[in-house]
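Peer 1: Provided herewith is a single structure, encoded as structure tokens, for subsequent inquiry.
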Amino acid sequence: MGFTPMIQQYLKIKAEYQDCFLFFRLGDFYEMFFEDAKRAAQELEITLTSRDGGGEERIPMCGVPFHSAENYIKSLVEKGYKVAICEQVEDPKSAKGVVKREVVQLITPGTVMEGAMLDDEENNYLAVVTENEEDHFSLAYTDMSTGETFVMAIDNGWNAVLSELVNRPIKEIVVEEDFSQLYAENLREKLQFPVSIAKRSTKDNSMDLLVEEISDTNLRNTCILLYQYLYHTQKRAIDHLKKAQVIELAEYMTLDMYSQRNLEITNSLMRKEKFGSLLWVIDRTVTAMGARKLKKWLERPLLTKSLIERRLDLVTGFYQQFFEREEIREALQSIYDLERLSGRVSFGNVNARDLIQLKRSLSKVPMIKEQLQQFDDPALHELARDLDPLPELYTLLETSISEDAPISITDGNILKDGYHAELDQYRDASRNGKHWIAELEQKEKQETSIKSLKIGFNKVFGYYIEVTRPNLPMIPEGRYQRKQTLTNAERFITEELKEKETLILEAEEQSVALEYQLFLEIREKVKQFIPALQRLADIISEVDVLQSFATVSEENNFVRPTFSAERRINLEESRHPVIEKVMKNEQFVPNSINLADDKHLLLITGPNMSGKSTYMRQLALTVIMAQVGCYVPATQAELAIVDQIFTRIGAADDLVSGQSTFMVEMLEANHAIQHATENSLILLDEIGRGTSTYDGMALAQAIIEYIHNHIHAKTLFSTHYHELTSLEESLTALKNIHVRAEEIEGKVVFLHQIHEGAADESYGIHVAQLAGLPDTLIQRANTILSQLEGTEQSVQPVPEQKSNETNVYSMGQMAFFASEEPVKQQPSKKNHEIIERLNKINLLEMTPMDAMNQLYQLQKKAEELKGRN
Ligand code: ADP
Ligand code: MG
């Protein structure tokens, strides 16, 4: 036995949408069958049933009611699945055989439009990645709900692509069929993106207009693939898509993915949420559009001084006039999400309430314009000049849509009286009829003397006169026709009432139908304003971000930064913007930060918890804030424009992944070293911790030297290898700074004050002492330390040496043991030389670094010797 025609229809459609859940409309339900049904039942926790489909076995089935489908769809899409909505596309009554069905829309994580599935303050991107040749990619991403598209060329390898993708609200990635399997897996597994495969059609040229300004063929094709995928999923015109905007990555600061994460710019490391991030501190935007724009700005700090200064000028304008700014903030509060509204207009799913909101928003624009003009700063007047309150659109909405219109657009009561003559006529007819009925009720009450008589209406029987049972005898003979019997009452009609009813119902039906028609027309008219609305949205959101910068800057005592031509960094009383905000009872201790081309490397030493990492990060955050156009947390700020920021946060602080291996550490360090320029900022926090002491220290030193000699990038390097501080003698651009622990009333206290010079090497012992360890123990530790440092003339044997701790930390001792190795070879002249030199070494007068160097020399000699034999 074959399947029933309906199941056959299902299978045929399903074959085209294999990677989706197919929501198959059957009456008031969306049904799913076969494997879809089993998986959906599991994912949605709904009951799995079965039905006879004509085959041998019953078919697994599950379904969700049409009217509550949105929540189920949302839940699937949030899990990264795609849903194909298959509707009945002909009237079941007139259909011959199986009702015709078609997929009318695909809902995928990257293309959702429905308000309930979107986060107001965040974009929702669909991205396309194509590989043009090895290590050369194009990346485009679009937000369907707002219509914006960005496209860029990435010519420095796959990691750079990943850096662009992570930390952006990208919900789905589309690649071509022949895209590298390896990379696609990378996206799926490592970054957990839903990846869809699509094919670019070369015949379809309907998108040409959207890409006409892109000259690069690769970028064009990437955008076209993206747009085609959108049309394929939405299956309708999408008028609000803006032209793709090409992003020249070279015009923005590069923040690799490690830095974006480590610096907690938009999300905190621990909880992966906005709270505790830089965004959390500086977001005082009022509108959702502003919140989204702020995030975009933060993700791409500027490099061009004039653009940065322009933003800062505007912020200064807002900063200086508190009252005017407060007024603007207040006005912004009633501005609706114009960007997403435009999207919904184009999509055909706005209702009358949305349009009322739109009207109210527009009504505030003239006020904002005027308010902007009241600022002293002419820069703000320019913003005002570009604001267009769209009076024509306002008038259209004001004259047409009723203030208390319902959500439904098919039940009437949307439009105002006086908007349309014919509509008014129908409404009059229906109102007159209703008036007549009200009068009839009065008349019948009087004439029959039945006080409780009333005229009612229901959908099945229409209008009726209702009389309760005890009053029935009072009705004069033949006055009414009996219509319906209830337990306590009888319902009647009269000829006259019937006639009026027909008139009223006809008028109502016509008025509802006409209203719907008129509403669609209005919606079409609003569509023409989409580009203008988007421009308006753009300026409003910019005003919002700028006022937000001014507001936080004033509230948190930030200062306007200047940019020095000599590329100096001079921060007076610099603070960490987030930590100072979350500190409860304590005060954040400000510190100055000074870097210049001839002193571009700061080596920071000091005990744990003294504030080294904080100090480093606050510089990076300050630089980012300045380059997005915000004031910065300091009392005075002279900055150099930074092209890239690299961070390597040591294993100790790497709480996020918890899997930081030494290899990862080295990869990140390598990444910085390969890409940094003299204009970059590098933060290396306790690098080398992930391996043995000697190894780690050797690498740390080599990295510092390399940066010093070859890169000249501004660099902050914190370390627990005290030995490295001696580098200050040989590396002219390196400066030691340190943080100390102090004793206050017998307690260990970190004052978090940065001082010049290297930390006192015995800070560990100092802390131990402050912590209250026995005096004898502290004394002994001091003795051991000075022995290790070679400050005493002879090495005293350590009584009862059980611990091997000391060995681990002492370079000097390693050298010492090395000399005890028995020399097996018959000593040649050269051998003698090596042994002689070994004997001459006074370990106790050497620094560990010296010991290391000597060993290295000796080993080289030994190598040479081996080569000769
Ligand atoms: P380190 O890297 O030296 O181990 P951290 O930078 O992680 O130290 O700082 C440890 C803690 O000290 C931070 O969580 C913060 O609460 C506090 N802290 C750091 N710097 C300051 C400061 N300048 N003022 C006040 N508290 C600070
Ligand atoms: Mg630290």
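Peer 1: Residues 99, 83, 64, 103: which one is assigned to a loop (DSSP other than H, G, I, E, B), of a type in the set (A, V, I, L, M, F, W, C) and either closer than 30 Å to residue 125 by Cβ or more than 36 Å from the chain's Cα centre (by Cα) (or both)? Step through it out loud before you land on a result.
Peer 2: Details: 83 fails: assigned to a loop (DSSP other than H, G, I, E, B); 64 fails: assigned to a loop (DSSP other than H, G, I, E, B); 103 fails: assigned to a loop (DSSP other than H, G, I, E, B).
That would be 99, the only listed residue that is assigned to a loop (DSSP other than H, G, I, E, B), of a type in the set (A, V, I, L, M, F, W, C) and either closer than 30 Å to residue 125 by Cβ or more than 36 Å from the chain's Cα centre (by Cα) (or both).
Peer 1: Considering each of 364, 369, 359 in turn, give the residue that is over 30 Å from residue 312 (Cβ atoms), surrounded by 17 or more Cβ atoms within 10 Å (Cβ to Cβ), under 38 Å from the mean Cα position of the chain (by Cα) and among the basic types (Lys, Arg). Even if it seems obvious, please write down each step before you answer.
Peer 2: Numbers: 364 fails: over 30 Å from residue 312 (Cβ atoms); 369 fails: over 30 Å from residue 312 (Cβ atoms).
Exactly one residue qualifies, and that residue is 359.
Peer 1: Just to be sure I understand the filter: pairs with C-beta atoms under 7 Å, separated by 6 or more residues or on different chains, first member in segment 94-122 and small (Gly, Ala, Ser), second member in a strand (DSSP E or B). Which pairs pass?
Peer 2: Partner pairs satisfying both residue conditions: 110/125; 110/126; 110/171; 110/172.
Peer 1: Sticking with this one: If a residue must be outside any helix (DSSP H, G or I), modelled with pLDDT of 95 or more and either over 16 Å from residue 614 (Cβ atoms) or outside the structural domain of residue 728 (by TED's automatic domain parsing) (or both), how many such residues does segment 549-595 contain?
Peer 2: Of the residues in that region, 14 qualify.
Peer 1: Considering (1) surrounded by 24 or more Cβ atoms within 10 Å (Cβ to Cβ); (2) within 16 Å of ligand 1 (Cβ to nearest atom); (3) outside any loop (DSSP other than H, G, I, E, B), say which one residue 610 fails and leave the rest.
Peer 2: The one condition residue 610 does not meet is (3).
Peer 1: Looking only at segment 111-120, decide whether some residue is in a strand (DSSP E or B) and either in contact with a helix residue (DSSP H, G or I) (Cβ under 6 Å, 6 or more places away or on another chain) or β-branched (Val, Ile, Thr) (or both).
Peer 2: We begin by selecting, within segment 111-120, every residue in a strand (DSSP E or B); these are none.
Checked segment 111-120: no residue is in a strand (DSSP E or B) and either in contact with a helix residue (DSSP H, G or I) (Cβ under 6 Å, 6 or more places away or on another chain) or β-branched (Val, Ile, Thr) (or both).
Peer 1: Could you list, in sequence order, all residues of segment 604-620 that are within 14 Å of residue 716 (Cβ to Cβ) and either away from ligand 2 (no atom under 13 Å from the Cβ) or in contact with a Gly (Cβ under 8 Å, 6 or more places away or on another chain) (or both)? I'd like the intermediate steps shown before the answer.
Peer 2: Initially, segment 604-620 is screened for residues within 14 Å of residue 716 (Cβ to Cβ), giving 604-606, 611-620.
Matches in segment 604-620: 612, 619, 620.
Peer 1: Kindly check whether there is at least one residue in segment 752-760 that is touching a residue at least 40 places away in the same chain (Cβ under 8 Å), farther than 27 Å from residue 301 by Cα and surrounded by fewer than 18 Cβ atoms within 10 Å (Cβ to Cβ).
Peer 2: yes
Peer 1: Right, something else. For segment 586-601: of the residues being more than 11 Å from ligand 1 (Cβ to nearest atom) and among the polar types (S, T, N, Q), which is farthest from residue 728 (Cα to Cα)? Before you say what the answer is, go through the steps one by one.
Peer 2: Kept after step one, since they are more than 11 Å from ligand 1 (Cβ to nearest atom), are these residues of segment 586-601: 592-601.
Pick out the ones that are also among the polar types (S, T, N, Q) and you get 592, 594.
Numbers: 592: 20, 594: 16 Å.
Checking each candidate, the answer is 592.
Peer 1: Could I ask something else about it? Confirm whether residue 578 is in contact with a Gly (Cβ under 9 Å, 6 or more places away or on another chain) and of a type in the set (Val, Ile, Thr).
Peer 2: Details: in contact with a Gly (Cβ under 9 Å, 6 or more places away or on another chain): yes; of a type in the set (Val, Ile, Thr): yes.
The answer is yes for residue 578.
Peer 1: Moving on. Mind counting the residues in segment 615-648 that are modelled with pLDDT under 95 and of a type in the set (S, T, N, Q)?
Peer 2: 1
Peer 1: So residue 365 fits all but one of (1) within 16 Å of residue 526 (Cα to Cα); (2) of a type outside the set (Ser, Thr, Tyr); (3) in contact with a Pro (Cβ under 8 Å, 6 or more places away or on another chain); what number is the exception?
Peer 2: Going through (1) within 16 Å of residue 526 (Cα to Cα); (2) of a type outside the set (Ser, Thr, Tyr); (3) in contact with a Pro (Cβ under 8 Å, 6 or more places away or on another chain) one by one, residue 365 breaks only (1).
Peer 1: Return the residues of segment 558-574 that are out of contact with any Asp or Glu (no Cβ under 9 Å at 6 or more places or on another chain) and of a type in the set (Gly, Ala, Ser); say none if nothing qualifies.
Peer 2: 565, 574
Peer 1: Still on this model: Considering 618, 534, which residue is more than 16 Å from ligand 1 (Cβ to nearest atom), under 29 Å from the mean Cα position of the chain (by Cα), in a helix (DSSP H, G or I) and of a type outside the set (Lys, Arg)? Quick ask: steps written out before the conclusion?
Peer 2: Values: 618 fails: more than 16 Å from ligand 1 (Cβ to nearest atom).
Residue meeting the stated conditions: 534.
Peer 1: What number goes with the only condition from (1) in contact (Cβ under 8 Å) with a residue 60 or more places away in the chain; (2) crowded, with 16+ Cβ neighbours inside 10 Å; (3) closer than 30 Å to residue 456 by Cα that residue 519 does not pass?
Peer 2: (3)
Peer 1: Of the residues that sit in segment 667-693 and are part of a loop (DSSP other than H, G, I, E, B), at pLDDT below 90 and crowded, with 21+ Cβ neighbours inside 10 Å, which one is nearest to ligand 2 (Cβ to nearest atom)?
Peer 2: Here the residue is 686.
Peer 1: Further, regarding this structure: Just give me the residues in segment 621-640 being away from ligand 2 (no atom under 16 Å from the Cβ) and either more than 28 Å from the chain's Cα centre (by Cα) or part of a helix (DSSP H, G or I) (or both), in sequence order. Explain how you work it out, then say what you get.
Peer 2: Narrowing segment 621-640 to residues away from ligand 2 (no atom under 16 Å from the Cβ): 622-640.
Selection gives 622, 623, 624, 625, 626, 627, 628, 635, 636, 637, 638.
Peer 1: Right, next: What residue, among those in segment 473-490 that are outside any loop (DSSP other than H, G, I, E, B) and among the polar types (S, T, N, Q), is surrounded by the fewest Cβ atoms within 10 Å (Cβ to Cβ)? Lay out the reasoning, then the answer.
Peer 2: If we filter segment 473-490 for residues that are outside any loop (DSSP other than H, G, I, E, B), which is where we start, we get 473-474, 481-485, 489-490.
From the residues that got through so far, the ones that are among the polar types (S, T, N, Q) too are 481, 484-485.
On the way: 481: 12, 484: 14, 485: 9.
For segment 473-490, the residue satisfying everything is 485.
Peer 1: Conditions: (1) at pLDDT below 90; (2) closer than 24 Å to residue 15 by Cβ; (3) of a type in the set (Asp, Glu). Residue 91 meets all but one. Number of the miss?
Peer 2: (2)
Peer 1: Considering only helices (runs of 4 or more DSSP H) fully contained in segment 155-262, which possess at least 2 residues that are under 25 Å from residue 538 (Cβ atoms)? I'd like the intermediate steps shown before the answer.
Peer 2: Working: elements: 158-165, 181-185, 208-211, 217-234, 257-262.
Filter on segment 155-262 gives 158-165, 208-211, 217-234.
Peer 1: If I filter segment 589-603 down to residues being more than 11 Å from residue 718 (Cα to Cα) and either free of Cβ contacts under 8 Å to residues at least 12 places away in the same chain or within 16 Å of ligand 2 (Cβ to nearest atom) (or both), which single residue comes out as surrounded by the fewest Cβ atoms within 10 Å (Cβ to Cβ)?
Peer 2: Our first condition is that a residue be more than 11 Å from residue 718 (Cα to Cα); within segment 589-603, this holds for 589-600.
Right, trim to either free of Cβ contacts under 8 Å to residues at least 12 places away in the same chain or within 16 Å of ligand 2 (Cβ to nearest atom) (or both) and you get 589, 591.
Working: 589: 18, 591: 22.
Filtering segment 589-603 for residues that are more than 11 Å from residue 718 (Cα to Cα) and either free of Cβ contacts under 8 Å to residues at least 12 places away in the same chain or within 16 Å of ligand 2 (Cβ to nearest atom) (or both), the one surrounded by the fewest Cβ atoms within 10 Å (Cβ to Cβ) comes out as 589.
Peer 1: Please specify each residue of segment 548-578 satisfying the condition of being within 16 Å of ligand 1 (Cβ to nearest atom) and surrounded by 18 or more Cβ atoms within 10 Å (Cβ to Cβ). Please lay out each step first, then the result.
Peer 2: Going through segment 548-578, the residues within 16 Å of ligand 1 (Cβ to nearest atom) turn out to be 556-557, 571-578.
Hits for segment 548-578 are 571, 574, 575, 576, 577, 578.
Peer 1: For segment 359-472, which fully contained helices (runs of 4 or more DSSP H) count at least 2 residues that are in contact (Cβ under 8 Å) with a residue 24 or more places away in the chain and within 26 Å of residue 534 (Cα to Cα)? Explain how you work it out, then say what you get.
Peer 2: Values: elements: 378-386, 391-400, 421-448.
The helices (runs of 4 or more DSSP H) meeting that bar are 378-386, 391-400.
The values are calculated or read from the model by the stated rules, or taken from the named source; none is laboratory data. In this text the structure is predicted, and so the values were computed from the model without any measurement. Note that each Cβ is placed from the backbone with ideal geometry, even for glycine, and that neighbours are counted across all protein chains shown.
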